[in-house]
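What follows is calculated from the coordinates using simple rules that are stated; it is not laboratory data. Only a predicted model underlies this, so the values are computations on that prediction, with no experimental measurement involved. In this analysis, Cβ positions are derived from the backbone assuming ideal geometry, glycine residues included, and neighbour counts consider all displayed protein chains.
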Amino acid sequence: MILITGATGTVGREVVRGIPDGLAVRIMARRPGRVTGAGAAETVRGDFTDPASLAGALRGVRAVFLVTLPGGGDDAGFLRAARSAGVRHVVKLSAAAAGDSGASDLITRWQRRNEELLRASGMEWTLLRPRAFMSNTLSWAGLIRERGVVRALYGRSVNACVDPRDVAGVAVRALTGGGHAGRTYTLTGPEALSAAGQTEQLGELLGRPLLFEELGPVRARAALGARYPAEIVEALLESAERGRAGAKAEAGDTVARLLGRPATTFWQWAGDHLDAFAGQ
């Protein structure tokens, strides 16, 4: 039995879709009614803060896809429950910044703490450290549809962003195949792109020019503050400064090596999701 957490999220839902037919899959969610596209998978209620629900969700499970509890909590309780249930292997979604000694923002510290807990858990582990998801650009869709405009911080900073489907593909390989225990995989796209470059590609695909407007730190802080708590806003701004200095530019070959095909380009990802940007 494979247990998948975070199945309503960007990567988790793709992991569910990618598990080969014939393997037993269970989805753990705080609100099972929100899970879609589960197919033949069993869906159960489970809450990181409720030990009884964890015990039930983990019963009979041998491998777990773990997405860290949102909001800065740690995975200690979940990992204890998993080990008690006899789980052998945990594949954790982390972040590329966790491997960057120059990164010290709050979100990165949370991820490092949970990586340490997993490594010390006594179970086999695999760490997935993706760069920013290409799907983050979906937050631009409304303004693109309404005004043909993209607004982002530091438009010329480049990031080797990755298709979440590629991250999920690696997760499925780690969950269902051998040779991944004790491995840490930094996952990137095939090239580093800036927000301005992504905007240009979207405009070409849409067949109409898009205007890019760069937000300075003051405007970016105000925009982010409408969506996130203050401590998260500061962490995101700190991360953006690292990107501005080139810390997120390196594109590796790990996705291609593990999946046996080239990593998805932003052009390909955007083409597959063009309806979101071109809606009526």
Selected from TYR185, TYR228, TYR154 as most flexible by GNM, with the chain as the system and alpha-carbon contacts under 10 Å
TYR228
Which angle between 0 and 90 degrees, to the nearest 10, do you get for helix 106-119 versus the longest principal axis of the chain when only C-alpha atoms count?
30 degrees
Counting only C-alpha contacts under 8 Å and six or more residues apart, can you give the relative contact order of the range 30-143 as a whole percent?
23 percent
Which residue, chosen from THR36, TYR154, ALA141, occupies the Cα position most advanced towards the positive end of the dipole of the chain, where the dipole is computed from +1 (Lys, Arg) and -1 (Asp, Glu) charges on Cβ about the Cα centre?
THR36
Along Cα→Cβ, 7 Å out, is where each label goes; now give me the distance between the ones at ARG30 and ARG113 in nm to one decimal.
1.7 nm
To the nearest µm²/s, what D does Stokes-Einstein give for the range 1-152 at 25 °C and 0.890 mPa s, using the Kirkwood radius over alpha carbon pairs as Rh?
148 µm²/s
Note to self, the chain gives a 222 nm [θ] from helices alone (DSSP H runs n ≥ 4, -39500 (n - 2.57) apiece, / all residues, nearest 500) of -11500 deg cm²/dmol
Farthest towards the positive end of the dipole of the chain, among PHE266, LEU175, VAL11 and with Cβ unit charges of +1 on Lys and Arg and -1 on Asp and Glu, lies the Cα of LEU175
Mean projection area, nm², convex hull over Cα of the range 212-251
3.5 nm²
Once fully extended, how much extra length lies between ARG244 and ARG59, figured as 0.36 nm per residue of separation less the alpha-carbon to alpha-carbon distance?
62.0 nm
State, as an integer percentage, the relative contact order of the chain based on alpha-carbon contacts under 8 Å between residues 6 or more apart.
18 percent
In debye, nearest 20: dipole of the chain around its Cα centre with unit charges on the Cβ of K, R (+) and D, E (-)?
620 debye
Using a Gaussian network model on the chain with a 10 Å cutoff between Cα atoms, which of PRO51, PRO130, PRO164 fluctuates the most?
PRO51
According to the Cα gyration tensor, what semi-axes, each the square root of 5 times an eigenvalue, does the equivalent ellipsoid of the range 227-280 have, listed from largest to smallest in whole Å?
27, 22, 10
Gain on full stretching of the segment that runs from TYR228 to ARG147 - 0.36 nm per residue minus C-alpha separation
26.7 nm
Average projected area [Cα convex hull, the chain], square nanometres
14.6 nm²
Sort VAL90, VAL218, VAL64 so the one with the fewest other Cβ atoms within 10 Å of its own Cβ comes first.
VAL218, VAL90, VAL64
Pick out, from SER101, THR68, PHE78, the residue whose Cα sits farthest towards the positive end of the charge dipole of the chain, with +1 on the Cβ of Lys and Arg and -1 on the Cβ of Asp and Glu.
PHE78
The chain, Gaussian network, Cα under 10 Å: of LEU187, LEU58, LEU210, the residue fluctuating most is LEU210
